1. Please give me the summed charge of the neighbours of Ala301: other residues whose Cβ is under 12 Å from its Cβ, Lys and Arg +1, Asp and Glu -1.
2. What net charge do the residues around Ser391 carry, taking every other residue with its C-beta under 14 Å from that of Ser391, with Lys and Arg at +1 and Asp and Glu at -1?
3. Where only protein heavy atoms count, and the probe is 1.4 Å, what is the accessible area per residue for the chain in Å²?
4. How large is the helix-only mean residue ellipticity at 222 nm for the chain, computed as the sum of -39500 (n - 2.57) over DSSP H runs with n ≥ 4, divided by its residue count, in deg cm²/dmol to the nearest 500?
5. In whole percent, how big is the carbon plus sulfur part of the accessible area of the chain, probe 1.4 Å, protein atoms only?
6. As I understand it, the value is the acute angle between the Cα axis of helix 81-92 and the longest principal axis of the Cα atoms of the chain; what does it come to in degrees, rounded to 10?
7. Contact order normalised by length for the stretch 38-141, with contacts defined as Cα pairs under 8 Å and 6 or more residues apart; what percent is it?
8. Over the chain, what relative contact order in percent results from Cα pairs under 8 Å that are six or more residues apart?
Amino acid sequence: MVRELSHYIDGQRVDGTSGRFSDVYDPCTGEVQSKLPLASADEVRNAISNAEKGQLEWAAMNPQRRARILLKFVDLVNENMDELATLLSSEHGKTFLDSKGDIQRGIEVVEFSAGAPHLLKGEFSDSAGQGIDVHSLRQPLGVVAGITPFNFPAMIPLWKSGPALAAGNAFILKPSERDPSVPLRLAELFTEAGMPNGVFNVINGDKEAVDTLLEDRRVKAIGFVGSTPIAQYIYATAAAHGKRAQCFGGAKNHMVIMPDADLDMAADALIGSGYGSAGERCMAISVAVPVGQETADQLVAKLGERIKDLKVGPSMAKDSDFGPVVAASAKERIERYIQAGVDAGATLVTDGRGVTVDGYEGGFWVGPTLFDNVTKDMSIYKDEIFGPVLSVLRAADYEEALRLCSEHEFGNGVAIFTRDGDSARDFASRVEVGMVGVNVPIPVPIAYYTFGGWKASGFGDLNQHGADAFRFYTKTKTVTTRWPSGIRQGASFVMPAGS
Ligand code: NAD
């Protein structure tokens with residue numbers, strides 16, 4: 001029985017009226033499990049009108065009361081964790097434990113955002129001029145929107161909405177059409193936590209919904225996460241319509257393995273970060289760069305041994321290391337890249353094509369794939385594959401390894417494995433990538449730091465979460481005050497210069 005999903009507007013689930021739908025799959029079976037309504041421009045505009053009303057009430061509430069509602073929401077998410085993680089796995093395909101991690105990393109940002117009373121404090125300068133005080137305020141923008149990808153259907157919507165809501169904005173989420181059910185449940189939990197109607201809304205849809213959000217002048221800011229071509233489109237279109245935008249795109253994350261690294265630790269780290277969540281993480285490592293032939297030979301041998309023990313299987317099975325990829329089209333794309341790597345002359349150490357799982361023959365399975373002797377000109381190196389495919393590109397020395405990381409089009413995350421503090425420090429300082437790990441393969445910053453890639457991985461000047469998020473979701477107003485007891489010297493015709 002195929003369920004029909006909905007939108008979430010003005011504090012309740014609302015059926016779609018456009019007559020257009022997309023299919024939501026169970027990636028483990030390959031079967032359609034629900035139909036998702038795709039909003040028309042009018043439905044989006046209606047959600048914006050509701051959000052405008054809700055925002056006034058929400059912004060009038062003091063930040064501490066807003067924070068209490070957010071903390072209540074965190075409690076409710078924890079109480080419903082198993083149900084949410086099961087729902088998440090059923091549409092995304094990642095394992096149950098990994099789904100819990102997805103939710104956990106999301107609510108950590110909501111917890112951080114509960115510090116809004118502190119984070120929203122302005123500045124004050126006493127006697128900036130004679131009898132003059134200056135202070136600044138951080139005010140909410142109004143209605144803001146988030147457009148989010150399939151790969152973290154809980155975490156990324158919460159990274160966007162947590163700070164935006166805490167700052168007093170109303171939020172319209174346009175989640176991925178592949179796994180929309182967790183965002184809809186989160187919306188219900190926000191309402192249950194006491195959030196006024198219209199403050200957190202979910203509008204499901206495709207380009208029509210996104211373009212309406214981009215073009216409507218009542219939406220003041222767009223937070224986007226997804227692939228680079230769409231990130232660039234959203235950034236340019238939002239700017240053309242006078243909105244601020246922060247748009248995070250694709251990735252090709254490298255891990256440099258120095259000859260002095262603990263190679264077992266590095267191999268374990270590569271297995272987890274290359275194949276975890278079927279490689280569908282923007283911080284997944286997809287390129288290993290061992291320095292020196294001996295390091296490379298040993299590393300590839302260790303990876304090969306470990307890959308033999310990996311288990312690809314259903315999301316809810318306790319012994320699955322990773323589940324299926326999200327869609328049949330994703331599986332086809334990944335398999336095309338594997339063939340392109342073979343055709344280009346890379347050494348296919350392990351081939352993940354043709355994997356089947358008993359009882360789940362229709363699932364979108366791709367097994368762990370390892371390429372050695374990959375070169376810079378190959379498409380498997382240049383492009384983001386977004387699947388369980390790890391490429392080994394051998395570097396002759398440290399400088400070559402550093403150059404590879406810095407010169408790649410993408411600059412999201414990077415890691416170095418070494419025991420040498422000098423190399424690690426030099427690497428962290430010189431590499432042209434936004435997030436760096438030293439013996440940490442997936443250096444996703446904790447909630448009170450900021451997350452953002454460089455180059456083709458991020459467009460905009462402020463990062464996600466941490467203090468940057470509060471700058472992004474507020475506008476600064478600066479007030480200069482003089483009271484009548486201040487100096488009276490008649491009209492002034494020149495700009496005051498200095499104090
Ligand atoms: P995607 O770009 O296909 O979709 C992202 C969002 O944009 C979805 O909500 C989708 O409905 C919408 N969208 C898609 N095409 C559109 C169009 N033509 N016009 C308007 N809106 C459109 O990305 P995805 O496949 O859902 O997610 C995977 C990508 O996200 C990968 O490239 C991954 O690296 C990236 N990602 C980046 C980060 C980061 O922080 N840099 C984090 C997670 C994922």
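1. On the way: positive: Lys302, Arg306, Lys308; negative: Asp264, Glu294, Asp297, Glu305, Asp372.
Once positives and negatives cancel, what remains is -2.
2. On the way: positive: Lys252, Lys376, Lys382, Arg394; negative: Asp351, Asp372, Asp377, Asp383, Glu384.
Residues close to Ser391 contribute a combined charge of -1.
3. Details: 20510 Å² over 499 residues.
Per residue, the chain has 41 Å² of solvent-accessible surface.
4. On the way: 16 runs with 194 residues, N = 499.
Mean residue ellipticity, 222 nm, calculated: -12000 deg cm²/dmol.
5. Values: 10340 of 20510 Å².
Here it works out to 50 percent.
6. Once rounded, the angle reads 60 degrees.
7. Numbers: 64 pairs, mean separation 24.1, N = 104.
The normalised contact order for the stretch 38-141 reaches 23 percent.
8. Numbers: 1174 pairs, mean separation 90.7, N = 499.
For the chain, the relative contact order is 18 percent.
The values are calculated or read from the model by the stated rules, or taken from the named source; none is laboratory data. All of these numbers come straight from a predicted model, not from anything done at the bench. Please note: Cβ atoms are built from the backbone with ideal geometry, for glycine as well, and neighbour counts cover all protein chains shown. Only protein heavy atoms, including side chains, enter the accessible area calculation; ligands, DNA and RNA are left aside. Shrake-Rupley method; radii C 1.70, N 1.55, O 1.52, S 1.80 Å.
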